[in-house]
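Since the structure comes first, as structure tokens, the remarks are kept for the end.
The values are calculated or read from the model by the stated rules, or taken from the named source; none is laboratory data. Everything numeric here is computed off the predicted structure, so don't read it as measured data. Here the Cβ positions follow ideal geometry from the backbone for every residue, glycine too, while neighbour counts run over all protein chains shown. Surface accessibility is based on the protein's heavy atoms, side chains included, excluding ligands, DNA and RNA. Shrake-Rupley method; radii C 1.70, N 1.55, O 1.52, S 1.80 Å.
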Amino acid sequence: MKAPVPVAAPGTLQQASDPCNLCGSGEVRVLAQRDRHGDPLQTVMCTGCGLVRCDPMPDPAALDDYYRERYRIDYKQQVAPSRRHILRAGRVALDRLARLPRLAPIADRAGRALDIGAGGGEFAYLLGRTRGLAVTGIEPNEGYASHARRVLGLDLMVSPLHEARPAEGAFDLVTMFHVLEHLRDPEAALARVAAWLAPGGIAVVEVPNVEATCQAPGHLFHAAHLYNFNAASLERLALKVGLEPVACWHSSDFGNVSLTLRRAAGAALPVPPPSLPMAMPSNAARVWRVRSGHVSWRHHATLQPLARALRRIGSRVGESLTLRQLPADPRAMLDRVCDRWIAAGSAAGG
Ligand SMILES: [Zn+2]
């Protein structure tokens, strides 16, 4: 997962190791040479369209091994989710569910759903419980997947996305929260999503926003995030595989961008609109302007870092108190949190 030793300063124009996944251009501008931990990671922006990626990409087989065995340990320091993780993931899942009426008009489509990158299964479980959908999941990590199957009783495929073989055209809803940025070929991944959707089906995709300024500049790039999107590059990639963007918005801190996509009603697999241009030089200029303008001293001169740190402390204390009141069993715990959420009226969405 390590990139080579830094060779070019931020702002340098150079040729990338591979063509851009979106527009095919090879020219890139260097954005950074370090990841959020200070380790070497060259992150570049395509000058043709503004899609940001790490360069070179990691070896595909090493990447599959990493997600099967190591990723959750590196990222969460655990092989199966802890109670705190389950509570946190459950709350994030409920927040996503509350947004689903806006994200995806699925209320009249009681059918089958597929959650890609299901993790410990919290979202898939709560989606099934609150919406009456039959939910299948895909998760590459064996420890988390076995937890989701054993504890939550989920129907889960343990597989990297590119090896998963769910039935084509079978799902009314496909959700993919914070997955696409981890994949070596996001175009192929979205094309699979399009093929797995039923005609007229809806996909919801959420990724970190490369235009985010809520974190310190050095904290944006992560070795596991092979791609970094903004709304324009994500929308264009969806159009490239024939999916129609129907809604797009950002989280309140501008840190995430979410997209609702629809597969056309006809039985044929979606195709991109003819003559759709993939080059978006104005988007590249925009991404460069945002990233080069977000400098460390300016970020730390705002109250954002302090507010973020205080929020984190407050939320950790609140979680500890809540955990004491919740059942020890993970499934019973999720059920309790979900019941409180429904009783509070949050299930109505907004
Ligand atoms: Zn490009």
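When the stretch 42-62 is filtered for residues that are more than 16 Å from the ligand (Cβ to nearest atom), crowded, with 16+ Cβ neighbours inside 10 Å and in a loop (DSSP other than H, G, I, E, B), only Pro58 remains.
Conditions (1) among the β-branched types (Val, Ile, Thr); (2) within 16 Å of the ligand (Cβ to nearest atom), marked per residue:
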| position | (1), (2) |
| --- | --- |
| Ser258 | no, no |
| Leu261 | no, no |
| Gly266 | no, no |
| Pro274 | no, no |
| Met280 | no, yes |
| Trp288 | no, yes |
| Thr302 | yes, no |
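Selection within the stretch 302-348: residues that are within 19 Å of Leu100 (Cα to Cα) and open to solvent by 60 Å² or more (accessible area, probe 1.4 Å). The member of this set that is modelled with the lowest pLDDT is Ala348. Among the conditions (1) modelled with pLDDT of 90 or more; (2) more than 16 Å from the ligand (Cβ to nearest atom); (3) out of contact with any His (no Cβ under 8 Å at 6 or more places or on another chain), the only one that Arg236 does not satisfy is (2).
Taking the stretch 91-199 and the helices (runs of 4 or more DSSP H) fully enclosed by it, the elements with 1 or more residues that are among the β-branched types (Val, Ile, Thr) and open to solvent by 10 Å² or more (accessible area, probe 1.4 Å) are at 122-131, 142-152. Could you please let me know if His250 is surrounded by 17 or more Cβ atoms within 10 Å (Cβ to Cβ) and on the phi < 0 side of the Ramachandran plot? In short, no.
Test of understanding: among Glu235, Glu211, which residue is of a type outside the set (Ser, Thr, Tyr), touching a strand residue (DSSP E or B) at 6+ places or on another chain (Cβ under 9 Å), open to solvent by 10 Å² or more (accessible area, probe 1.4 Å) and part of a helix (DSSP H, G or I)?
Glu235
Among residues belonging to the stretch 27-41 that are open to solvent by less than 30 Å² (accessible area, probe 1.4 Å) and under 15 Å from Val210 (Cα atoms), point out the one that is farthest from the chain's Cα centre (by Cα). Write out each step before concluding.
Filtering the stretch 27-41 down to residues open to solvent by less than 30 Å² (accessible area, probe 1.4 Å) leaves 28, 30-33, 35, 41.
Imposing the further condition that a residue be under 15 Å from Val210 (Cα atoms) reduces the set to 30-32, 35.
Values: Val30: 23, Leu31: 21, Ala32: 21, Asp35: 18 Å.
Among them, the one singled out is Val30.
Number of residues in the stretch 274-289 that are open to solvent by 40 Å² or more (accessible area, probe 1.4 Å) and in a helix (DSSP H, G or I) equals 6.
Of note, Gly26 does not satisfy the criterion of being within 16 Å of the ligand (Cβ to nearest atom), at positive phi and at pLDDT 95 or above.
Taken together, the residues in the stretch 186-229 that are within 21 Å of Gly293 (Cβ to Cβ) and of a type in the set (D, E, K, R) amount to 1. Restricting Ala195, Ala191 to those that are more than 16 Å from the ligand (Cβ to nearest atom), at pLDDT 95 or above, touching a Pro at 6+ places or on another chain (Cβ under 9 Å) and farther than 23 Å from Ala134 by Cβ reduces the list to Ala191.
Entry remark, the stretch 120-136: residues being of a type in the set (Gly, Ala, Ser) and within 17 Å of Met333 (Cα to Cα) number 4 in total. Cβ separations smaller than 6 Å between residues 6+ apart or across chains give the following pairs from the stretch 335-346 residues that are hydrophobic (A, V, I, L, M, F, W, C) to residues that are open to solvent by less than 80 Å² (accessible area, probe 1.4 Å): Val337/Gly90; Cys338/Leu126; Trp341/Leu94.
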